[in-house]
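Engineer: First the structure, then my questions, so here it is.
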Amino acid sequence: MHVKARRSLAAAASAGLLLLAGCAGDDLSSSGSGDDSSQSSDKGALAISGQSFPEAALVTAMYDALLTDGGYDTTVKLVDTRDIYMGAGQFPESIDVVPEYVGGIVDFLNTTENGANAKPLTTPDAQESIDNAKDLLDQKGITLLQPSEATDTNAFFVTKQYSEENNATKLSDLKGEDVTLAAAPDCQGRPDCEGGLTDVYGIKIEKILPLGFASDQTYQSVLDGESQLGLTSTTDGTLEQQGLVLLEDDKSIQPAQNLVPAISSDFLADHPDVEDILDPLMAALTTEKLTELNGRVAVDREKPEDVAQDFLQQEGLL
């Protein structure tokens, strides 16, 4: 959707944790999650929203803990899709902070403002994408803070056996190969999916099996040899235990999807310390760390809130 806009529901399947993120409109927290309740209302109310798939719920829990610890009286409401909290009268009017992905929010704003066929503003570089969208972000009253190194883009996997037998560690290693692809139903022709694999990498996609984004059916199709290539995300924490590996997107067909705090510009002007609170988190997160944290939730069945607290304490942020 994006890739990321289209991934908001599919990513839940990727982590296999429909029970962990609240239902649309459910409150994750009504009064903040920090340990020191004496700080909870020092700086007033702060409303956080975001998408309800597990990775977003995990990062939202980190925001909530840090901002509560920083003296804000937080409320959190997770929803199923970006267009809900980006609707009229919500962000940035009545919602102050949203955990976002660079490409996801830039693409969403660009297409909703300029139409589905608008010239893309996103590139594989996060800061360049933000700079390209500056006028649009200013118009909407949204500020994107410093993006994290951690990124969650669409990605393609094979079995470890296939990788070893074909000496394939990156997508360009499949040039000229005939493969069947298990992917989301809208993969056909997309530059970040079948279109890019065909046009940029020269991979011969014989067939697309519309089994879903990182769904159990997609994993199983590749494991059974029905498909050689499957669609997931770069932070899929379940691959190793299944005997699956990602292939590097060495020609960069994916737009930047770095984690980034999206803040109401008016709220940030009145509360500039929010940037000081969230910037260290963005600096601490990496794609590898995020993948590990997702694995703790997806594989080990830990609660996102517990994983968030543990990570923040280990990094010295709480």
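Values in this text are rule-based calculations from the coordinates and carry no lab data. From a predicted model like this one, the values you see are computed outputs, not experimental measurements. In this analysis, Cβ positions are derived from the backbone assuming ideal geometry, glycine residues included, and neighbour counts consider all displayed protein chains.
Engineer: Report the Rg/Rh value for the stretch 53-168, based on alpha-carbon coordinates and the Kirkwood definition of Rh.
Structural biologist: Value, to two decimals: 1.05.
Engineer: Could you rank the peptides 111-121, 143-153, 180-190 by their average count of other C-beta atoms within 10 Å per residue, with the highest value first?
Structural biologist: 143-153, 180-190, 111-121
Engineer: For a test of the definition: using alpha carbon positions, the gyration tensor, and the 1.5 limit on a/c, classify the stretch 214-318 as rounded, prolate or oblate.
Structural biologist: Because a/c hits 1.5 or more and a/b exceeds b/c, the stretch 214-318 counts as prolate.
Engineer: Quick one: putting +1 on the C-beta of Lys and Arg, -1 on the C-beta of Asp and Glu, what dipole do you get for the stretch 154-247 around its Cα centre, in Debye to the nearest 20?
Structural biologist: 160
Engineer: Rounded to the nearest 5, what % of DSSP beta bridges with both residues in the stretch 154-247 are antiparallel?
Structural biologist: 55
Engineer: Continuing with this model, one more query. What lysines could a cross-link reach from Lys43, if we take a straight Cα to Cα line under 24 Å and drop same-chain neighbours fewer than 8 places away?
Structural biologist: Those lysines meeting the cut-off are Lys77.
Engineer: Given Val179, Pro280, Gln51, which one lies farthest toward the positive end of the charge dipole of the chain, if we put +1 on the Cβ of every Lys and Arg and -1 on the Cβ of every Asp and Glu?
Structural biologist: The residue sitting most towards the positive pole is Val179.
Engineer: Sticking with this structure for a sec: In this model, which of Lys170/Lys303; Lys207/Lys251; Lys175/Lys207; Lys119/Lys170; Lys134/Lys251; Lys119/Lys251 are farther than 24 Å apart at the alpha-carbon?
Structural biologist: Over 24 Å apart, Cα to Cα: Lys170/Lys303; Lys119/Lys170; Lys134/Lys251.
Engineer: Once amide H atoms are built 1.01 Å from N in the peptide plane, which residues 5 or more positions from Lys170, or in another chain, come under 5 Å H to H?
Structural biologist: For Lys170, whose amide H was placed from the backbone, the distant partners under 5 Å are Glu248.
Engineer: For Thr235, what residues show an amide H to amide H distance below 5 Å, using hydrogens built from the backbone and excluding near sequence neighbours?
Structural biologist: Hits under the 5 Å cutoff: Thr153.
Engineer: Work out from phi, with θ = phi - 60° and the Karplus expression 6.51 cos²θ - 1.76 cosθ + 1.60, the ³J(HN,Hα) of each residue of the stretch 134-147, listed in order in whole Hz, and give x for Gly and Pro.
Structural biologist: Working through the residues one at a time gives 4, 4, 5, 5, 4, 4, 7, x, 10, 10, 9, 6, 4, x Hz.
Engineer: Please report the antiparallel percentage of DSSP beta bridges with both residues in the chain, rounded to the nearest 5.
Structural biologist: 55
Engineer: Shape verdict for the chain, please, from the Cα gyration tensor: rounded (a/c under 1.5), prolate (a/b greater than b/c) or oblate.
Structural biologist: Judged from the Cα gyration tensor, the chain comes out prolate (a/c at least 1.5, a/b above b/c).
Engineer: Could I ask something else about it? From the backbone phi of the stretch 73-82, what are the Karplus-calculated ³J(HN,Hα) couplings (6.51 cos²θ - 1.76 cosθ + 1.60, θ = phi - 60°) in whole Hz, Gly and Pro given as x?
Structural biologist: Computed from phi, the couplings for the stretch 73-82 are 8, 8, 10, 10, 9, 9, 10, 6, 9, 4 Hz.
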